[in-house]
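The values are calculated or read from the model by the stated rules, or taken from the named source; none is laboratory data. This structure is a prediction, so every number in the text was calculated from the model and none was measured. Backbone-built Cβ (ideal geometry, glycine too); neighbour counts: all protein chains shown. Quick note on the areas: whole protein, heavy atoms, side chains included, nothing else; ligands and nucleic acids left out. Shrake-Rupley method; radii C 1.70, N 1.55, O 1.52, S 1.80 Å.
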Amino acid sequence: MKMTKIIMALVFSVSALAALAAAPLTVTLNAIDADGVGKPVGTIRAEDGKEGLVLTVALQGLAPGDHGFHVHENPSCGLKEKDGKPVAGLAAGGHYDPAKTGKHTGPSAQGHLGDLPALSVDTKGNAKGRLVAPRLKLADLKGRSIMIHEGGDNYADSPKPLGGGGARIACGVVP
């Protein structure tokens, strides 16, 4: 009888820990520019799914069109100087690339692990919906940042580096 209680307690404890580890998280993204971090532009809810990391996007106030969308290596959205000028979000570092591939090939290929599906913003400045990053897990996001770039992303390094997304315009630190 005593052994049964111990086993049941262990099963319950392991189940509770697994549920906590897999709990979804919500990241608030803020506008960023050369003056620093600005007002919130919305949230992204992240959770593990059968197909990979599921990102539920609820953003507003962005320029219409496609935008580069990535996990960056550092948990910061702050300014950092480059060539003597402050650059928005540069403290976030580069695209998350733990395997050091040095390749910007998209969310399904074997390059940067932080390459996310392109973010599409409607004519009213809203991005809503569900995106899947097939190679990522929720644990990969912890202690990193999520970045939105000014322009689209062609998942190549030509004609412009890192898909041509350009300036960093919104960022959120993952808790």
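Identify the residue in segment 132-141 that is closer than 15 Å to Arg45 by Cα and assigned to a loop (DSSP other than H, G, I, E, B) and, among all such residues, is least open to solvent (accessible area, probe 1.4 Å).
Of everything passing the filter in segment 132-141, Leu136 is least open to solvent (accessible area, probe 1.4 Å).
Of everything in segment 142-175, what is of a type in the set (Gly, Ala, Ser), open to solvent by less than 30 Å² (accessible area, probe 1.4 Å) and modelled with pLDDT of 95 or more? Give them in sequence order.
Within segment 142-175, Ser145, Ala170, Gly172 meet the criteria.
Where residues in segment 80-96 are at positive phi and small (Gly, Ala, Ser), which of them is surrounded by the most Cβ atoms within 10 Å (Cβ to Cβ)?
Gly89
Name the pairs whose Cβ atoms lie under 8 Å apart, with the first residue in segment 97-113 and under 21 Å from His67 (Cβ atoms), the second open to solvent by 30 Å² or more (accessible area, probe 1.4 Å) and among the basic types (Lys, Arg), and 6 or more positions between them or separate chains?
That search, which allows pairs on different chains as well, returns Pro107/Arg135; Ser108/Arg135; Ala109/Lys103; Gly111/Lys103; His112/Lys103; Leu113/Arg135.
What's the total number of residues in segment 97-117 that are on the phi < 0 side of the Ramachandran plot and open to solvent by less than 40 Å² (accessible area, probe 1.4 Å)?
11
Restricting attention to segment 25-62, which residues are of a type in the set (A, V, I, L, M, F, W, C) and surrounded by fewer than 15 Cβ atoms within 10 Å (Cβ to Cβ)?
Leu25, Ala34 - these are the residues of segment 25-62 that are of a type in the set (A, V, I, L, M, F, W, C) and surrounded by fewer than 15 Cβ atoms within 10 Å (Cβ to Cβ).
Are any of the residues in segment 13-31 over 16 Å from Pro175 (Cβ atoms), at pLDDT 95 or above and assigned to a strand (DSSP E or B)?
yes
Looking at Gly129, Gly65 in this structure, which one is within 27 Å of Ala34 (Cβ to Cβ), open to solvent by less than 40 Å² (accessible area, probe 1.4 Å) and in contact (Cβ under 8 Å) with a residue 60 or more places away in the chain?
Sole residue among the options that is within 27 Å of Ala34 (Cβ to Cβ), open to solvent by less than 40 Å² (accessible area, probe 1.4 Å) and in contact (Cβ under 8 Å) with a residue 60 or more places away in the chain: Gly65.
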